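Okay, structure first, notes after.
Please treat every number below as a calculation from the coordinates, not as lab data. Keep in mind that this is a model prediction, so the values were computed, not measured. All Cβ positions, glycine included, derive from the backbone under ideal geometry; neighbour counts span all protein chains shown.
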């Protein structure tokens with residue numbers, strides 16, 4: 001019985017979209033373009049190209065990865081902390097679980113974001 005619920009939301013979305021379109025039409029205007037994220041400026045491109053000619057230092061604590069980890073510790077005023085950059089939230093959670101030495105059957109409480 002999930003389908004009627006989805007249809008309800010889709011209909012609401014179509015209604016809102018229609019109202020927004022009529023509003024812009026009544027003002028002889030066009031809606032703004034869809035948001036583009038991230039905003040890529042020439043300065044951003046220059047920094048990325050410069051970094052491509054250097055190491056990203058995934059396997060050691062130097063280069064840009066090490067700099068970010070060190071700056072993160074200093075940002076929090078904790079130079080003796082450990083900081084480890086991860087490529088995803090899931091990877092970070094795996095690292096957290098491993099460092100907490102969780103074992104099969106241990107319970108972990110978390111917030112639900114749904």
Next item on the list: Pop a pseudo-label 7 angstrom from the Cα along the beta-carbon direction at both residue 93 and residue 69 and give the gap in nm to one decimal.
Entry: 2.3 nm
Check: Direction-averaged shadow area of the convex hull around the Cα atoms of the range 44-85, nm²?
Finding: 3.3 nm²
Checklist line | Three principal axis lengths of the chain [C-alpha, angstrom, descending] | finding: 60, 49, 26
Next item on the list: Express in nm, to one decimal, how much length is gained between residue 60 and residue 11 on full extension, taking 0.36 nm for each residue of separation and deducting their alpha carbon distance.
Entry: 12.4 nm
Notebook entry, point to check: Given the options 63, 89, 18, which has the most mean-square fluctuation in a GNM of the chain, springs set between C-alpha atoms less than 10 angstrom apart?
Noted result: 18
Next item on the list: Kindly provide the helix-only [θ] at 222 nm of the chain, computed as the sum of -39,500 (n - 2.57) over DSSP H runs of four or more divided by all residues, to the nearest 500 deg cm²/dmol?
Entry: -17000 deg cm²/dmol
Note to self: Angle check, please: helix 2-26 long axis (alpha carbons) against the longest principal axis of the chain (alpha carbons), in degrees 0 to 90, nearest 10.
What the structure shows: 70 degrees
Note to self: Using a Förster radius of 41 Å, what is the FRET efficiency between residue 101 and residue 44 based on their Cβ-Cβ separation? Nearest 0.05, please.
What the structure shows: 0.55
Checklist line | Whole-number percent relative contact order across the chain, with pairs defined as alpha carbons under 8 Å at least 6 apart | finding: 8 percent
